[in-house]
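No value in this document is a laboratory result; all are computed from the given coordinates. Everything numeric here is computed off the predicted structure, so don't read it as measured data. When we count neighbours, we look across all protein chains shown, and the Cβ atoms used for this are built from the backbone with ideal geometry, even at glycine.
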């Protein structure tokens, strides 16, 4: 039996605590080089579109296996991307496949016999593993008494950054900055109701970083916006992605950890024809945030969790964690946990295993 | 609608002629660097098995897109492999997942909107694209009047090597050598009935290569067995895989083409822990056949088809084609053709597209 699990199924069973626990086990394996991932593959082919905008089909894959969870995972998405100019900046927009919906799937396999266990929509689980990963990093890097959060961003990923941190530290209050007043107020109201602690929308970036113990960036900015001067003694900086922070802010940290360094951070993006240069424009705007940057100068979360690289040693140090690129093995670990919980609750649609099995093999 | 297609469905609709036609179009694109593939990824994690044999879970992925066919393909397999010693040689054996069946799938996407078009069992289609690829090479490399075939191997892949060649040259007769008498006789009988020409089982390798125009190797040998002296003036050598031919035989060819050179030929095989050395044993036995060999010294089939590298110019030259490693884009092209034919005939099982779509995206 192959279990087809929707985002709604995963949301019903997967808690942030489960996610963090699974990732903590996983990063021990990663640090011991027992869980393995192959490099993320980004494959683009340019599309000629009538409106003459830049467009490409984008197939993304990540694959990995975790001996601890006895699972392998293959995650993929298939989209048409465009790169419109918005406010002078080129942004990537993923168009819906059909009916306003996107295609992103995790295939979960048993490593014991190779069978396909589940086909899982990737959206909810992916967001949880991002929040959970930054939380695991904060567990080992933030001051033990860290309780005050300043967060940039009020979107889809911001909430799980906060709920993740609430599992690893006893939070007292939160400040949120987002350029749009309505967004930050809505986010503050929702998080206050979720966590039962004061959540204050603030009107400037400067306010968001004053008197806080953890600064979180949870934006989709492809342009660095957080300067070094925002980082006070003792703070922990938790970044959702690699392009939010100015390079001088990285350098101001006493200790920086990243999610993945080479070779796993290297990814392939294959583009040809005339559109290539145009499609690369986004990359050329901020070269250091992309593949020209040598991530191998920083130790990884796996090394932090296994204590093969040293984390915070004093309360006055500034620490940073950059979730620089996703790791396929996160899906093998959190996917296994979600599958186990969904199976126990009888969720999902059951498909006959034989549909995915063949009596010949190449 | 997502179409679930079995090997039986593909066998009902996909002819060798269709396969070769699709691959001919594809290799034009490959030669022009318009169709793109990412490197094949081989991911192993060692398994502790009670019987203490070498074993690993093996996740293999290939991905590609073809603008001509407006498709992208992601092919994957999930197996447990063992490496038993057989007759003094270490061979790789893929264990069935369950019920004596294996797991190998091609996901076919539309590049126009990203949607999943089909989930296709990979066995039959894979064998056809291998036979078809060697046939496309022979179309451009073998002498125009080549009609006599000598083939090594009588297994699963040997038949499609022959039917492929029969589409690109007018065949007169075939000799088949295989160490087991019963196997070569059965193969000869079956091919004679399929093609309606004489097919002679022969008792020695030397007989198989005498007075023939095309020598085909279609074995699963991981050890080179074909020496240079087997290659007479004017012959075309067509190899199913890279490890069948002694290096001196490659060197005896006046012209050698391969399927894929770097970077696409590079593949990742990630192994850790104590079992690593043992699992690598197969690779260490024949290092030049694997990734230490620099394939970039040879031009590719894409260059041959687009005439950006020169093929046969005289009847006396010895030519060779080595299907050194599979190319993901073959599945985008042949998969598109098979899907189109199956759709027209109403084959397969229809699944609701919405099962694979989500209203959020990471």
By the gyration tensor of its Cα atoms, with a ≥ b ≥ c the square roots of the eigenvalues, what is the shape of region A:64-141: rounded for a/c under 1.5, prolate for a/b over b/c, or oblate? oblate
Quick one: grab Rg to one decimal and Dmax as a whole number for region B:1-57, Cα atoms only, in Å. 19.1, 51
So which residue, out of A:323, A:173, A:99, gets the largest mean-square fluctuation from a GNM of chain A using Cα contacts under 10 Å as springs? A:99
Axis carrying A to B; for chain A the Cβ-nearest residue and its rounded Å distance come to A:61, 3
Quickly estimate the mean residue ellipticity at 222 nm for chain B, helices only: each DSSP H run with n ≥ 4 gives -39500 (n - 2.57), and the total goes over all residues, rounded to 500. -9000 deg cm²/dmol
Would you work out the Kirkwood radius for region B:124-232? I mean one over the mean of 1/r across all pairs of different Cα atoms, in Å. 13.8 Å
State whether region A:1-154 is rounded, prolate or oblate according to the following rule on the C-alpha gyration tensor (a ≥ b ≥ c being the square roots of its eigenvalues): a/c under 1.5 gives rounded; otherwise a/b larger than b/c gives prolate, and the remaining case gives oblate. oblate
Average other protein chain Cβ within 10 Å of Cβ, residues B:71-83: 4
In region B:109-182, what is the volume of the convex hull around the alpha carbon atoms, normalised per residue and reported in Å³? 113 Å³
Give the separation of the Cα centroids, region A:321-353 to region B:75-147, in Å. 28 Å
Pick out which of B:311, B:346, B:150 has the largest mean-square fluctuation in a Gaussian network model of chain B, springs linking Cα atoms closer than 10 Å. B:346
Return the average number of partner chain Cβ atoms within 10 angstrom of each residue Cβ along peptide A:100-112. 6
Highest first, please rank the peptides B:155-163, B:140-148 by the mean number of other Cβ atoms sitting within 10 Å of their residues. B:155-163, B:140-148
Where labels lie 7 Å past Cα in the beta-carbon direction, separation of residue B:248 and residue A:173 in nm: 8.4 nm
Relative contact order for region A:115-214: what is it in percent, counting Cα pairs under 8 Å that are at least 6 residues apart? 31 percent
For the protein assembly as shown, just the Cα set please: Rg and Dmax, both in angstrom. 27.6, 89
Do you know the relative contact order of chain A, to the nearest whole percent, from alpha carbon pairs under 8 angstrom that are 6+ apart? 25 percent
Count, for each residue of A:117-129, the Cβ atoms from other chains sitting within 10 Å of its Cβ, then give me the mean as a whole number. 2
Approximate spin-label separation residue A:207-residue B:345, in nm, with each point projected 7 Å along Cα-to-Cβ: 6.8 nm
Under the Kirkwood approximation applied to all pairs of distinct alpha-carbon atoms, what is the hydrodynamic radius of chain A in Å? 21.3 Å
